[in-house]
Structure formats: C-alpha cells, structure tokens
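Notes for the one structure printed next.
The values are calculated or read from the model by the stated rules, or taken from the named source; none is laboratory data. This structure is a prediction, so every number in the text was calculated from the model and none was measured. Heads up, the Cβs are rebuilt from the backbone with ideal geometry, glycines too, and the neighbour counts pull from every protein chain shown. Heavy atoms of the whole protein, side chains included, go into the accessibility calculation; ligands, DNA and RNA do not. Shrake-Rupley method; radii C 1.70, N 1.55, O 1.52, S 1.80 Å.
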Amino acid sequence: MTVSATVSTAPPTASGDAAAQDCFHCGLPVPRGSHYQVKIDGETRAMCCPGCQAVAESIVGAGLTEYYRYRTAPSRSAQDLVPEALRQLDLYDKPEIQKAFVSVDPKNLREASLILEGIVCAACVWLNERHVGRLPGVSEFQVNYTTHRARVKWDESKIHFSDILRAIGAIGYIAHPFDPGRQEAVYKRERSLALRRVAVAGLGMMQVMMLAVALYAGDYSGIDAGLEQFLRWVSFAIALPVILYSSRPFFQSAWRDLKHRQLGMDVPVALGIGGAFLASIWHTVVGHGAIYFDSVIMFSFFLLTGRYLEMIARHRAGQAAEALVKLLPATAARILPEGDEIVAVAELAPGDRVRIKPGETVPADGMVLEGVSSVDEALLTGESLPQSRRAGEELVGGTVNIESPLIMRVDKVGADTVLSAIIRLLDRAQTEKPFIAQVADRVAAWFVAVLLVLAGAIAWYWWQVDPTRAFAITLSVLVVTCPCALSLATPVALTAATGALTRMGVLTTRSHALETLARVTHVVFDKTGTLTEGRLNLTQVVRLGAQTRDRCVAVAAALEQGSEHPLGRALIATAGAGTLLPVSDLRAVAGEGMDGTVQGVNYRIGTLEFAQALSDRGGGDRRDDLPETLAEAVGTVVYLADNRGLLAGFVFEDTLRSGAAEAVAELRKLGIEVQLLSGDAERPVQQVAATLGIAAAEARLKPADKLVRLQALQAQGAVVAMIGDGVNDAPVLAAAQVSLAMGSGTQLAAAASDMVLLSERLAHLAPAVLMARRTLSVIRQNLAWSLVYNVVAVPLAAMGWITPWMAAIGMSASSLLVVVNALRLREPPAPSVAVATQTTQTP
C-alpha cells in the first residue's frame, strides 16, 4: 500500500463529481470543488480537506497501512482515526500543506485564516483573542464573531502553526485552516444542531406548560397532594432532557469561562437555569415549595430560538465574503501538447496555458494569448457591464468568460492572485475592531461581574423582605440582562456594511474606515489615474536636442520600464514593449521622475526641473526658451535629458473618468468640500478643476507638498479623505484620516489605503459615504438600545415586575433586534449619483 506525497493530479474517480463522494479517511461528504486526493494501492481516494490528506499520508508513511484495510468504519474525525503516536505529528507545519492556506508578508510573518468551532457569544471571541494573542511569536490574532473566522499572524521561528491550533484546543474550541467547503459544512452542522436543540426545548416547553396550567389551577382552586406531587415529578422528567441536551451549550460555555477565570456572558445564564432547576428538584423531593421547570424550559427555548435566528442572520451578513471565496472554479482545462487535461485549480503553475470556454470562470490571474471575448467582473469590482478582453490584456481569477473561447497564460496562482488579496483585505477589515467596538467590548467584559454583584445584592434584599419571592426575582435579574446585544452591536453592523460595499465595488481594508468616512468633511483628489482615466496618449514629441524622435522615444520607454505610472505605460506602448533598450542603475524619485543608464549614458525623464538638474550637474546647456508647443500645452508634459542638456519634451493627453463631474457634485451635496492636489502642470490641472466644478485646485505639487497641504487641513479640524492612485500618492494616503485607492492603483497605494475602489467608478463614492453614515447610525442605535434595555429591564426585574419567562423573551429579543437592525445595511443605499454614460471628455 503506497501513498503519494502530494495532491494527486489524477481526475476524480469513476463516481465523477467530487461532491458526490465521501472522504475515504473520515467518511464526511467531500465538498464540491475539493481537490484533495491521495493514491492508495493505485486508486485515487477523495479527501475532504488537507488535514485528512496529511493524516492519511502520515498513517501510511508510519507503516500503519493495515489500518485502512481492517478498520470497520470511518471515524468521526481525523483525530479519532490516527493512533496516539501519530496525533503528535505536526502535520499542519509541513510546507506542502501550508502552501494551500498560508501567505507570507514582506516581514516574513505568516498569515492564515481559521475556522473556529464552539463560538457561542462575544465572550468566546474575547477569550480566544486574549489567550492566543499572548502566545510568544503570535503577532496578531483576531476573530470575526459574525463569520466565526479568525485571522492569525505568527513568526515561524518562535511558534509553529500546530502550536496555535493546540492552544485553541486547550481552552475548549476547535480550530482548523479555512476551507470554503468545510466552512459550508460547519455552517450546515451548526444550523442542524441548533435546530434540534430548539426542537427538543420547544417540545418540552409545550408538554410542561400543560402540566403547569394544572398546577397553577390547583394552587388557586385546590388539588390532591398525591396528584400534585405526581405532576411535579412528570415535569421534572420532561425538563431533564431539555437541560441535559438543549441547555448543555450554556453550561459548557460557562464552565469554560470559569475555568479560565473569566466571566463570560453564559455565566449568568447557566446560573439562572442551573439554580432554578436544582431548586425545583429540591422542592419536588421535599414535597413543598415553588417549582420552576416551566420557566427553565421556556427560558431555554426562547434563548435558543433567539440564538438560532441570530446565527442565521450572522451567516447572511457574511455572505459577501463567502461569495468571494467561492468564485474560483474547482478545475481548469490545461493545454498540453497531447491535448487538454482537466486538473485541479490548485495544480496550476505560472506559465501554464489554460483554455476558458464561454460561461466558464477564469481559474487564475494571467494574460490572454488568443481570442477576443468579454468577461463579467461584477462580483469582484461591482461593474455591471462586461469588459472586453483580447490578446495581451489581463484576466483576473474569479471573473466569468461570456462570449468566446479564450486561451490564457497563467501568471499568478494561490495567495498571489487579486482575488486572494481582496479576500485577505476584507478579512482584515472585518476582524479588526474600530475604537467604538473596543469600548463596547470593555464595557461588556465588566458588565457580567457587575451583574452578578447586583444579583447577589437583590437576592439578599428580597430574602429580608419576602423570602418566597427572592429566588424568582433573582432569577429574573440574571436572565433579563443582555450583554450579548452590547457586544453584537458593532461587529454585525460592520460585517453587513463591508459586505454591501464589496458587492458595490468598494473594498474596505481597515476596520476604522467606515467610522472615519462617516465623519469626513473634506475629500482630496489626485488628478492622473483618479479623476482621469490614467490612460494617457502620447500626442506630441518635441525634439530639444540632436537626438532623433525615435531615439528619444526608445530611451524614454527604457527608463519607464520600472514605473507603473500611466505616463510610463503610454511611452512603452508607443515604443513597443518587445523592443525596449536595456537599462541599468534605474531609480525612481517620487514626484519627480526616473533616472537610469541606457547604453552607458545617464538619462533622466520627468519634470522640467528634475531633468534639467542632470544637465546642470554635468555642465550641459540649460534651456529657458522652451517652444510654445510645450509652454502652452494643455496636456501633461515630461522632459528627457542627459548630462549635456534637454533632449525632448513629451506631451500627453488624458480623458476624464466617466461620472467624475456627477460624483464631485454629489459629494458637495453631502456637505463635503472637494479639493484637487496634483503634481501635473498648472494648465491641465486648472482645466480639469474647471470642468468638474472644483474651486480649490493646486498644481506642480511634490508628494511632500501634498502632505503639507493635507496636514494644514487636518490642523484646522478637517477630517480628510484622500483619493489617489500610484506610488506618488502612498505617503498622502497613509497620512489622511481615511484613504481610498483606485482599483488599478499600484500595490503600494492599495496597501497604504483604508479602502479600494475596485470598480474604479467615482459614482460609488457618494453611496459609500452614505453607507458609512448609515453604519455609524445603526451602531449607535444598537448601542443605545442595548444600554436603554438593560437600564430599564434590570430595575423592573429587581422590583419583581418581570417574571423569569418574560425575562427570557426580553433577553433573546434584545440580541435578535440588534442583529436584525444591522441586517438593514446589507443593501447599499440607492445612489443618487447618476450613472454616467460611457462617453469621455478630454480635459
């Protein structure tokens, strides 16, 4: 019996679709799209996850091959399948396993997404974050309560991934690497188990309430003592399975919290249910005293129902992120000399050629080699219109080919793709906690302790005043309070809002972005690539030296090889990307231009001052009498020089983005002041400002100058949103209170920004501001409701005006109301910005 050490490249076995198989290792259904396979005795066996694949490899590699032959049934989980010796193996630390779910950042820190099972309330999130965050080597650990997904960053030299999983398991939770199929299975299992618990509690409640009616009637009109005792014991028998099965999660969570010296939100719930149940048993045994079996079961039913509905709402709130995860297909048609081969997407490598038929999803990032078609990018960018693609143009994984077959060269796979980057940024935004959420969590952490002290004081008071009512009133106080609503107020709203914005084409990458965007007073735009398309056309080449036009273009294009600026792309397109001259000592000077050596000669291209500085340094001629065509050019002008003087001036013209004027007008209607800061020449900047109706516009600004202007606004109390594109904007984007980068911007600009306009449609800016304001309003409503509810409910319960069953309904309804209110954010606001036509204007 042998096993392959890597994912098998063989197609699924005779059963065809992997989704129709069970995992050979653990017996669970294999999620649709799973590509995990192991060859055993020459047969390809389907696995449901990388964990099962790795355990199977370890079992066979350890010489325990008879295990699969003689086992009587597949085990419930991978942990149960392996002997104790194999359980100690750090399977998830293997590089071949980690490559499927681990990314490495520039600081050599590893990052992964996890699924956490066993999370029942916000206190569970707090406990996990505090426990794992204290581990040496873990630099960041944040949990999204809405999706039960965690994001962890760690230093592999100090701690291994398996150690983190063990640490989570040590406090009673189950963690495993995120896999979309497994996430869906976990959600389904959670819903099924929760529904069964609700059903048992509901059935028990109906039965015990019938007996309670008889007991209450007996108290009023009289009842035989033997019959009353019989009904008490029957009520106990009905309540027992509800307590042992339906209410078990409350006790497990409370015990876990107490074991780690924490006061979670299930502690008062468990005290209330357990205390009432034990008191009822004692009164049943001694034959006198009030029983609370009906209240206990009713409380359990209402609380379980509320949590079930809350869970469904949470799953709905996180649907946007889950939709992104599921965009990539399971397989792709790789082109080989002998024909097409259907392989798992995870097996694709850069350089592979892939055939994409109409209706199929692009499996990875790459470039079109053959064919002309259009692709649907709606789920990635929010752009509803199909985008044309032809040979030489880029394709993004997760988009859908619509019209004609395409042949693509794969350039990026796995964690390097645009889709993976979007998912990581969205995960970061949803797991990070803004200031308002941190305050709520700190309040909730103390809330339970204060509640228990208060409940003790109320119990002592009523024991002195009316001992017969003391227990019921204390139970109501424990039950009626709801710190859950306080902790749910912010994360559910943020998850729903960021999901809605993502569907609209506005990706939130930082948690504070929505909170800050709602308070923005000034929006500052860059010009090139932001207000304009950034697709510059070279319209004139004015010779200023002895070099020929073609030579000047060739040298300029060579210098721009290392730049992502639109000017550089236009020059390279003019010269021809396949004929670029070799360049050495290439250096980019932010806001100025490029400096490098071509064929032994030092050249510069950029602003007039930057280019002339080279000739000044070399003792060349300085020209102050520029031709009129350059001095009065409407477009953008850059200059090429060597150490002898200026060689040429290049005139570029750009087009305004569709909808730019309408977007500026809508922002002003929202009471936001709009400004334009650009490094371009005065004439084109002022023309764009006049066309768009921007009163405050400045030109010829270096990055440091833009930063000074931005800081001056902030010093006056302005809350500034900076919208830019390109390396030159990165320092200003980082300095603004909130920043947005265009979706086509460089990686540095996107990393420095708090939000990314994936759709590149400026018409989405005003709706994004409206969504941010709505989000902040909903969070405030939720927090206000939570505080008002508890401030009102606790005194009423303390005075004995709220019975335990009424308290159960109030607590459940409070959490549910917060979640339902947040779900209103799932739909983006109807944009008042008119969708601009596809015609363009030349500034």
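Accessible surface computed residue by residue for the range 615-714, with neighbouring protein chains in place and a 1.4 Å probe, gives 44 Å² per residue.
Cβ-Cβ distance of Arg196 and Ala712, R₀ of 56 Å, FRET efficiency by 1/(1 + (r/R0)^6): the value works out to about 0.35. As a calculated quantity, the FRET efficiency between Asp155 and Ala734 at R0 = 25 Å, using C-beta atoms, amounts to about 0.55. The residues packed around Val583, meaning those with a beta-carbon under 15 Å from its beta-carbon, carry a net charge of -1 if Lys and Arg are +1 and Asp and Glu are -1.
Find the accessible area per residue for the range 167-272; the probe is 1.4 Å, ligands and nucleic acids are left out, and the unit is Å². Could the numbers behind the result be given before it?
On the way: 5350 Å² over 106 residues.
Value returned for the range 167-272: 50 Å² of accessible area per residue.
Taking a point 7 Å from the Cα of Ala590 along the Cα-to-Cβ direction, the residues of the range 527-548 with backbone N closer than 17 Å to it are 527. For the pair Leu244 and Ile174, label points projected 7 Å from Cα toward Cβ lie 2.2 nm apart.
Approximating the spin labels as points 7 Å out from Cα along Cα→Cβ, the Tyr220-to-Leu787 distance works out to 4.3 nm.
Given a 1.4 Å probe and every protein chain left where it sits, what share in percent of the accessible area of the range 494-576 is carbon and sulfur? Please list the in-between numbers first.
Working: 1220 of 2660 Å².
Looking at the range 494-576 in its full context, I get 46 percent from C and S.
If ligands, DNA and RNA are left out, what is the accessible area of Glu628 with a 1.4 Å probe, given in Å² to the nearest 10? Its accessible surface works out to 130 Å², give or take rounding. Rolling a 1.4 Å probe over the protein heavy atoms leaves Asp93 with an accessible area of roughly 30 Å².
What's the local net charge at Phe236, with K and R +1, D and E -1, over the other residues with C-beta under 14 Å away? Taking every Cβ under 14 Å from that of Phe236, the sum is -1. Going by the alpha-carbon gyration tensor, a ≥ b ≥ c the square roots of its eigenvalues, is the range 587-684 rounded (a/c under 1.5) or, if a/c is not under 1.5, prolate (a/b greater than b/c) versus oblate? Judged from the Cα gyration tensor, the range 587-684 comes out prolate (a/c at least 1.5, a/b above b/c).
How much FRET efficiency would the formula 1/(1 + (r/R0)^6) give for Thr574 and Trp282, where r is the Cβ-Cβ distance and R0 is 60 Å, rounded to 0.05?
The pair Thr574/Trp282 has a calculated efficiency of 0.10.
What does the C-alpha gyration tensor say about the overall shape of the range 159-269? Classify as rounded when a/c is under 1.5, otherwise prolate if a/b is larger than b/c, or oblate. Judged from the Cα gyration tensor, the range 159-269 comes out prolate (a/c at least 1.5, a/b above b/c).
Which percent of the accessible area of the range 761-800 is formed by carbon and sulfur heavy atoms (probe 1.4 angstrom)? Looking at the range 761-800 in its full context, I get 76 percent from C and S. Between Met210 and Ser139, residue separation times 0.36 nm minus the direct Cα-Cα distance comes to 19.9 nm.
Order Glu394, Glu190 by their accessible area, 1.4 angstrom probe, all chains in place, largest first. If you can, show how the numbers build up before the last one.
Working: Glu394 130, Glu190 40 Å².
Largest accessible area first, the list is Glu394, Glu190.
Once both labels are positioned 7 Å from their Cα atoms along Cα-to-Cβ, the gap between Phe251 and Asp340 label points is 5.9 nm. The chymotrypsin sites (Phe, Trp or Tyr not before Pro) of the range 246-281 include none that DSSP puts in a loop with a beta carbon having at most 14 other beta carbons within 10 Å.
Under a Cβ-Cβ cut-off of 9 Å, what is the net charge of the residues other than Gly137 that fall near it, where Lys and Arg count +1 and Asp and Glu count -1?
Values: positive: Lys158; negative: Asp155, Glu156, Asp163.
Around Gly137, the charge tally is -2.
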